[in-house]
There are 4 protein chains.
Amino acid sequence: MCCNGRLNWQPIADIPALCHSAAMDGADVSRAPGSGDFEKRVRSSFAKQGLMSTLGATLVGISPGLVEIALRTAPAISQQHGFTHAGALSAIADTAAGYAALSLMPPGTGVLTTEFKINFLGPAVGDRIIARAKVVKAGRTLTLAQTEVFAESAGNSKLVAFLTATLMAVEGREGVSD
Amino acid sequence: MCCNGRLNWQPIADIPALCHSAAMDGADVSRAPGSGDFEKRVRSSFAKQGLMSTLGATLVGISPGLVEIALRTAPAISQQHGFTHAGALSAIADTAAGYAALSLMPPGTGVLTTEFKINFLGPAVGDRIIARAKVVKAGRTLTLAQTEVFAESAGNSKLVAFLTATLMAVEGREGVSD
Amino acid sequence: MCCNGRLNWQPIADIPALCHSAAMDGADVSRAPGSGDFEKRVRSSFAKQGLMSTLGATLVGISPGLVEIALRTAPAISQQHGFTHAGALSAIADTAAGYAALSLMPPGTGVLTTEFKINFLGPAVGDRIIARAKVVKAGRTLTLAQTEVFAESAGNSKLVAFLTATLMAVEGREGVSD
Amino acid sequence: MCCNGRLNWQPIADIPALCHSAAMDGADVSRAPGSGDFEKRVRSSFAKQGLMSTLGATLVGISPGLVEIALRTAPAISQQHGFTHAGALSAIADTAAGYAALSLMPPGTGVLTTEFKINFLGPAVGDRIIARAKVVKAGRTLTLAQTEVFAESAGNSKLVAFLTATLMAVEGREGVSD
């Protein structure tokens, strides 16, 4: 899906933030990256997340306002019925949303999640879980992002969860950067 | 907080489901456990969750409609600033809510989360994270539960997240029990 | 936007439920209307909603899995700063989501909202508010829908709120149909 | 329930913000009103809300961090089955949460809802609907509040909805005060 770490599912200029919303092309969603090295910034921050490594998650794609994270399914991240645990889905979906937001933030800003809601649409079974986040609206302080989570199995992909999150840009707080 | 696996923060009969809601004492919240062995049932299901073991979470208390899970803070579950990752908080908060719901469900029923929302109220720093869930309303098919998540440090406890979840009772679906 | 009560923003067959999700074309979202007279069914149910008439809301478009509701802005539906009240936005966004779900449900089924979350992205100022709902995933019992809410002003349209809702299909409950 | 506009369901000092959370007594929830005239400030702002008057809602109680709003049930605020519309419940629940937050904010600050989630627990039938909000955590910029919504009928009260909302303190934005 992504050969070089940049998302290439669609040319970025052609991705409407939400399908039928002309309103979101332009003023509402700034697609300008927050800094020239947004990709390096996201990769470097992701590498510091102990939890992502513990879960076996990898960052598979980054573009301004779009981030994709993959997770190999395994007993170590299961719930009691053997499906991938809702908490593991939430962790990568939230992380993807956070970095989609961070990719649009100016240098020197850190990102924190203030809330998210996630709906679970079916059991997460398959070989691989993919979380695809995009920014719905980027504001100066608060950003809204959404993440779709898919379970992939033998070339088949099924939407299993849908998250919306509010991300906050944090400046000048000790210990919080990127 | 809990010496024998049963929650003893307060005698269960005296815990109002929500502080000032007389309406919730009685018809709205059934405090009758779903089965005589509700505690064994919850413990046995929890033990099957690979993710809880991977995160280092332990089940510290169970009473009908109330469940408490603890997590030792560690770099392996951190986000990029060193705080405990929102995904790890969500995982134990969701699991606690699910088992609080399951403790009131009849035998032969499995529990699945259909959605949750979680608000993050401050950085999760400290020695230990505690998630305390209680059922707000138990229905035949859907149950609403809430979980408060605290970060504990040197005897101090701070509310760092608040979750509400909808849990679904599932009967007769292959592979889904408890 | 809609000349004859049927939504014609895009031919329905071409609307991906979510932009980049091939997974949602087909099995996940049934675009088959729940009954041949889905449009009449939705209009007739909408007409029974006292609140929609009190708020001045009108049903401007219906297609299987898609519903659009409009609201004329007015002091009668304002909050304290003169913007359209978050509660009025929520009311039409929830109603649009509910009818998008109902349009796909079999005859004899009623629809109830079990939960929704709504994010507010900017002040709702303008001449007209439009709520556009679409089904994300239709299940036998639970359906997930999302609604985008726009404030329109002098030909300009701005996304001001984003809702996701769980709708429940209810059968055989007295007083609950359509 | 409230004779003089001040909430007197319980002496305020004795209301734990959440039942079993010692952590919330003290640092986490400031019970200090935001200004000496917090009650007048809330009443005056409420009176400017066209929607509350249109719905027939009244402000029945105010204490620092706690607000109660009532609604007389009527066909004008119903949904299609004759129950009080989820949108009307949401409108008063959100408004109560907003004013509970505002009561703790310093003078010159306005309040806006950034998001809320509401779960519906049963049909809202009865004579009167009551929304009771309390602040869970008050921060400098963001406040978390929760609202329980009850349907009252012949002296009986039933929890029908549960909301959590994030409220934002806004300073120096034109047109936004109280």
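The values are calculated or read from the model by the stated rules, or taken from the named source; none is laboratory data. This is a predicted model, so every value here is computed, not measured. We place every Cβ from the backbone using ideal geometry, glycine too, and count neighbours over all the protein chains shown. Note: areas computed on protein heavy atoms with side chains; ligands, DNA, RNA excluded. Shrake-Rupley method; radii C 1.70, N 1.55, O 1.52, S 1.80 Å.
Quote the total accessible area buried by chains B and D together, excluding ligands, DNA and RNA, probe 1.4 Å, nearest 100 Å². Mind dumping the intermediate values first?
Values: alone 8830 and 8860 Å², together 15070 Å².
Roughly 2600 Å² of accessible surface disappears when B and D pair.
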Solvent-accessible area lost in complex, 20 Å² minimum, residues of the stretch A:98-122 relative to chain alone, 1.4 Å: A:112, A:113, A:114, A:115, A:116, A:117, A:118, A:119, A:120, A:121
1.4 Å probe, heavy atoms, protein only - residues of the stretch D:49-63 losing at least 40 Å² accessible area vs chain alone: D:49, D:51, D:54
Loop-located trypsin sites (Lys or Arg not before Pro) in the stretch B:90-169 whose Cβ has at most 11 other Cβ within 10 Å (DSSP): B:140
Heavy-atom surface of the stretch D:12-170, accessible at 1.4 Å and reported per residue (Å²): 28 Å²
The stretch D:79-105-the stretch B:131-160 distance, computed between alpha-carbon centres (Å): 24 Å
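Beyond 18 Å between alpha-carbons counts as too far, so tell me which of A:158/C:137; C:48/C:134; B:117/D:117; B:117/D:137; B:117/B:137; B:117/C:158 fall in that bin. Walk me through the numbers on the way to the answer.
Numbers: A:158/C:137 11 Å; C:48/C:134 22 Å; B:117/D:117 7 Å; B:117/D:137 16 Å; B:117/B:137 16 Å; B:117/C:158 26 Å.
Listed pairs above 18 Å: C:48/C:134; B:117/C:158.
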Dimensionless Rg ratio for the stretch A:63-178, taking C-alpha atoms and the 2.2 N^0.38 Å reference: 1.10
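For the stretch A:12-170, give the percent of accessible area contributed by carbon and sulfur heavy atoms, probe 1.4 Å, rounded to a whole number. Spell out each step's value before the answer.
Working: 2510 of 4520 Å².
Roughly 56 percent, rounded to a whole number.
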Label point 7 Å beyond Cα along the C-beta direction, distances from residue A:40 to other copies (nm, shortest first): 5.9, 6.1, 6.6
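For residue C:37 and residue A:48, what is the calculated FRET efficiency with R₀ set at 51 Å and r taken between the beta-carbons, to the nearest 0.05?
On the way: r = 57 Å, r/R0 = 1.12.
In this case the efficiency is close to 0.35.
Looking at the square roots a ≥ b ≥ c of the eigenvalues of the Cα gyration tensor of the stretch C:113-167, which shape do they give, rounded for a/c under 1.5, prolate if a/b is larger than b/c, or oblate?
Working: a/c = 3.80, a/b = 2.44, b/c = 1.56.
Prolate, since a/c reaches 1.5 and a/b exceeds b/c.
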